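The values are calculated or read from the model by the stated rules, or taken from the named source; none is laboratory data. Model, not experiment: these values are computed from the prediction. Heads up, the Cβs are rebuilt from the backbone with ideal geometry, glycines too, and the neighbour counts pull from every protein chain shown. Quick note on the areas: whole protein, heavy atoms, side chains included, nothing else; ligands and nucleic acids left out. Shrake-Rupley method; radii C 1.70, N 1.55, O 1.52, S 1.80 Å.
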Amino acid sequence: MPLVLEPLSPLLAEHDGHLPPPLLDELTELYASNAAFFALSGDFPDPYAIQRDEVASSLNGELAHPAAEVLLAREHGSEHDSEHRRPTGLAVTLTEHPDPVDPYPWIGLLLIHGGLQRTGRGRRLATAVERRLRAAGHDGVRLAVLDANPDGLAFWHALGYRVIDHRTDHALARPCTVLHKDLPNG
């Protein structure tokens, strides 16, 4: 099934800056299916009871940064198969890092529905994001993985990312491993 990335900003613009309620429900379910990750990250007060308004606030917070893009990942099956049109994942990218010395875009979040993990969808989403960044003229990409997330670190290593630094994140001062991957043309 083809994976399609849809920027969230145009959807918000079409609906006066608000997510359509059915989409917000789907995104809340996507976030809630990743409760174990959010328990590690501390991004939500109760990761086992993530609420619609918390997801909306989180996404609006991401989009408040002018260089951020939230991309919905959808798998398109047949035209009449609505189940395959639901978001299967989400990626947040930042084309300009807050540190002006850092010339690379960053992947801030890559999330696959919990029930669809370990099916290759995360790899497909990461590859689609990398292609998108390469097409925009970037020759590398960076990201940070929480040190408390060894599965995440193994995932990114398997995709060819290499460790370049260890630091704390800007938001909650969590220890992280910073990784980089070159995005050569061709």
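Points worth noting:
- Residue list for the stretch 24-46, filter: open to solvent by 50 Å² or more (accessible area, probe 1.4 Å) and touching a Lys or Arg at 6+ places or on another chain (Cβ under 8 Å): Asp25
- Residue that is modelled with the lowest pLDDT [pool: residues in the stretch 47-72 that are open to solvent by 70 Å² or more (accessible area, probe 1.4 Å) and either of a type outside the set (A, V, I, L, M) or more than 16 Å from the chain's Cα centre (by Cα) (or both)]: Pro66
- Options Gly42, Gly61, Gly17; residue that is of a type in the set (Gly, Ala, Ser) and more than 30 Å from Gly140 (Cβ to Cβ): Gly17
- Hey, Glu75 crowded, with 19+ Cβ neighbours inside 10 Å, within 23 Å of Val129 (Cα to Cα) and charged (D, E, K, R) or not: yes
- Condition met for Asp53 (touching a residue at least 12 places away in the same chain (Cβ under 8 Å) and not small (Gly, Ala, Ser)): no
- Within the stretch 23-30, the presence of a residue that is in a helix (DSSP H, G or I) and touching a Phe, Trp or Tyr at 6+ places or on another chain (Cβ under 7 Å) is excluded.
- For the stretch 113-167, the set of residues classified as open to solvent by 50 Å² or more (accessible area, probe 1.4 Å), in a loop (DSSP other than H, G, I, E, B) and within 24 Å of Ala36 (Cβ to Cβ) consists of Gln117, Arg118, Thr119, Asp147, Ala148, listed by residue number.
- Residue satisfying all of: in the stretch 1-22; under 23 Å from Thr127 (Cβ atoms) and part of a loop (DSSP other than H, G, I, E, B); most open to solvent (accessible area, probe 1.4 Å) among these: Met1
- Qualifying residue in the stretch 84-97 (condition: surrounded by 15 or more Cβ atoms within 10 Å (Cβ to Cβ), more than 20 Å from Val163 (Cα to Cα), among the small types (Gly, Ala, Ser) and out of contact with any Phe, Trp or Tyr (no Cβ under 9 Å at 6 or more places or on another chain)): yes
- Among the criteria (1) closer than 23 Å to Ala173 by Cβ; (2) outside any loop (DSSP other than H, G, I, E, B); (3) not hydroxyl-bearing (Ser, Thr, Tyr), the one Asp46 does not fulfil is (2).
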